[in-house]
Number of protein chains: 2
Amino acid sequence: MRTSYREQLVALAASIAEICGLATIAMETATRALLRADLVLAERVISEHEQIIAACVAVEESAFVLLVRHQPVAGDLRTVVTSIQNVFDIERMGVLAKHVARVTVRRHPEVAVPGEVAGDFAEMGRVAVKLGRATQQALLMRDVETATSIDDEDDAMDALHAHLFVMVMDREWRHGVPSAIDVTMLGRFYERFADHAVEICRRVNFQVLGEPYPGDVTPA
Amino acid sequence: MRTSYREQLVALAASIAEICGLATIAMETATRALLRADLVLAERVISEHEQIIAACVAVEESAFVLLVRHQPVAGDLRTVVTSIQNVFDIERMGVLAKHVARVTVRRHPEVAVPGEVAGDFAEMGRVAVKLGRATQQALLMRDVETATSIDDEDDAMDALHAHLFVMVMDREWRHGVPSAIDVTMLGRFYERFADHAVEICRRVNFQVLGEPYPGDVTPA
């Protein structure tokens, strides 16, 4: 019975890491669709989103079942409860990827992002995927080193987001209001995606090191 | 000891409802500041935000302590774990109120929202506060009726948000890109505030009725 309980804990961590991987792939695909105005890819992200949600619900439920059946204590208890919190963040990551895909669909056949900011979005997509993969790894391996190193990527994302804001607010912006709004919202979707990844990694640190994790819990 | 445990459960619910009230007041004050370009009020929301975060951290910690010390089972276990999820949403509600206040500060002494959409924001603020109060009540009383009735308010918020989007995307929009971006972001902050309130109310329903709450867990 003990073995089975341990196995369930390991399986729970593996499942959560796997869903984090799905959300990351969704963002990767959504970014490719965005930059190419690829309607088929964008619609695939939207239709596959249901699977991410279903996986989140299933994992959350299995975490509850584990809590109720095995009444874990101390560290294990914290692990299971923070797992449930992590699922919540991953669910949001999936939603944000879907939001990116939706903008692509709305603007099709035009490319939603003007050429002069396409490079920023390619980079934001790259950073988002890197953060998503590092988070997946951190969840699976309880790997604090990965979890800590993602701060640099998060800073890169913030810098990209700030740069976008400058571009769009500039008097030289020639693409009109609708485009400025798309770019602003898209920028925020990528930034929030990164915030959720960072939040999960902070929890991994907290779990592994027992570090008190208050104060800057919430991305500003 | 049992009594003390029961008391702690009740106190936990009361604390969470109280923080939800603080986040709601923050949004109410931020809206007033926004509509009047009131720098002092806006800065008060920003400086008081730390207290909301500190309260969230303290309540989350006390929920963990309760779990570890008393090992609640079945319904109580679910109550405590969903409490931790609720705190997460309330924390975000507080952050969103702060975001509104920040836009006010950034645009001061100008009013961040043009006159023709000021009415929409007044209404969004009103709906947000109503949702926040209903959520506070639902948390405190485990009041499913309140929790269910908020769907109407959430629909009202979505309609307001959609209307704003139409206004800003219109060719007749005469306030330029920076203002369009402010209005778009502000609209999203109110809409997300409402989403978090609705999410909490769904959990209250789930807890009280034991309704399976999957599928549309996540606001689209």
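Values quoted throughout were computed directly from the atomic coordinates according to the rules given, and no laboratory measurement underlies them. Everything numeric in this text was worked out from a predicted model, so none of it was measured. Because the Cβ atoms are built from the backbone with ideal geometry, glycine has one as well, and the counts that use them run over all protein chains shown.
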How many Cβ atoms of partner chains, on average, are near each residue of B:54-65 if near means within 10 Å of its Cβ?
2
Label-to-label distances across copies for B:Arg69, with labels 7 Å out along Cα→Cβ, in nm, shortest first?
3.0
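Which peptide among B:152-160, A:177-185 comes first, and what is the full order, when sorted by highest mean count of other Cβ atoms within 10 Å? Walk me through the numbers on the way to the answer.
Numbers: B:152-160: 17.1, A:177-185: 21.1.
Per-residue Cβ counts within 10 Å, averaged per peptide and sorted highest first, yield A:177-185, B:152-160.
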Alpha-carbon spread of the stretch B:4-71, three principal axes, descending order, Å
50, 16, 12
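Taking every residue in B:172-184, how many Cβ atoms of other protein chains lie within 10 Å of its Cβ, on average? Before the final figure, lay out the partial values.
Details: counts 0, 3, 0, 1, 5, 13, 7, 1, 7, 9, 2, 2, 7.
Counting Cβ atoms of other protein chains within 10 Å of each residue's Cβ and averaging gives 4.
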Neighbour-limited loop hits for trypsin sites (Lys or Arg not before Pro), the stretch B:155-212 (at most 16 other Cβ within 10 Å; DSSP other than H, G, I, E, B)
B:Arg171, B:Arg174
10 Å binning of all Cα-Cα separations within the stretch A:1-41, expressed as whole percents from 0 upward
28, 27, 20, 15, 9, 1
Taking each label point as 7 Å beyond Cα in the direction of the beta carbon, state the distances from B:Phe165 to the same residue in the other copies, shortest first, in nm.
2.3
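Above 43 angstrom, tally the Cα pairs of the protein assembly as shown and express them as a % of all pairs, no decimals. Could the numbers behind the result be given before it?
Numbers: 9737 of 96580 pairs.
In whole percent, the share of Cα-Cα pairs in the protein assembly as shown beyond 43 Å is 10.
For the stretch B:2-209, compute Rg over Rh where Rg is the Cα radius of gyration and Rh is the Kirkwood radius from the inverse mean 1/r over Cα pairs.
On the way: Rg = 18.4 Å, Rh = 17.7 Å.
Rg/Rh for the stretch B:2-209 comes to 1.04.
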Can you work out the base-10 log of I(q)/I(0) for the stretch B:52-92 at q = 0.22 1/Å, using the Debye formula on its C-alpha atoms alone?
-0.65
Using a 7 Å offset from the Cα along the Cα-to-Cβ direction at both A:Arg142 and A:Ala14, what is the distance between the two label points in nm, to one decimal?
1.6
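Could you give the size of the charge dipole of the stretch B:2-209 about its Cα centre, using +1 on the Cβ of each K and R and -1 on the Cβ of each D and E, expressed in debye and rounded to the nearest 20?
460
In deg cm²/dmol and to the nearest 500, what is the mean residue ellipticity at 222 nm of the protein assembly as shown if only DSSP H runs of at least 4 residues count, each as -39500 (n - 2.57), divided by the residue total? Before the final figure, lay out each step's value.
On the way: 12 runs with 376 residues, N = 440.
About -31000 deg cm²/dmol.
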Mean-position separation - Cα centroids, the stretch A:137-163 and the stretch A:78-129, in angstrom
15
For A:67-79, what's the mean count of beta carbons from other chains sitting within 10 Å of each residue's beta carbon?
3
Given an 8 Å cut-off on Cα distances and at least 6 residues of separation, report the relative contact order of chain B as a percent.
27
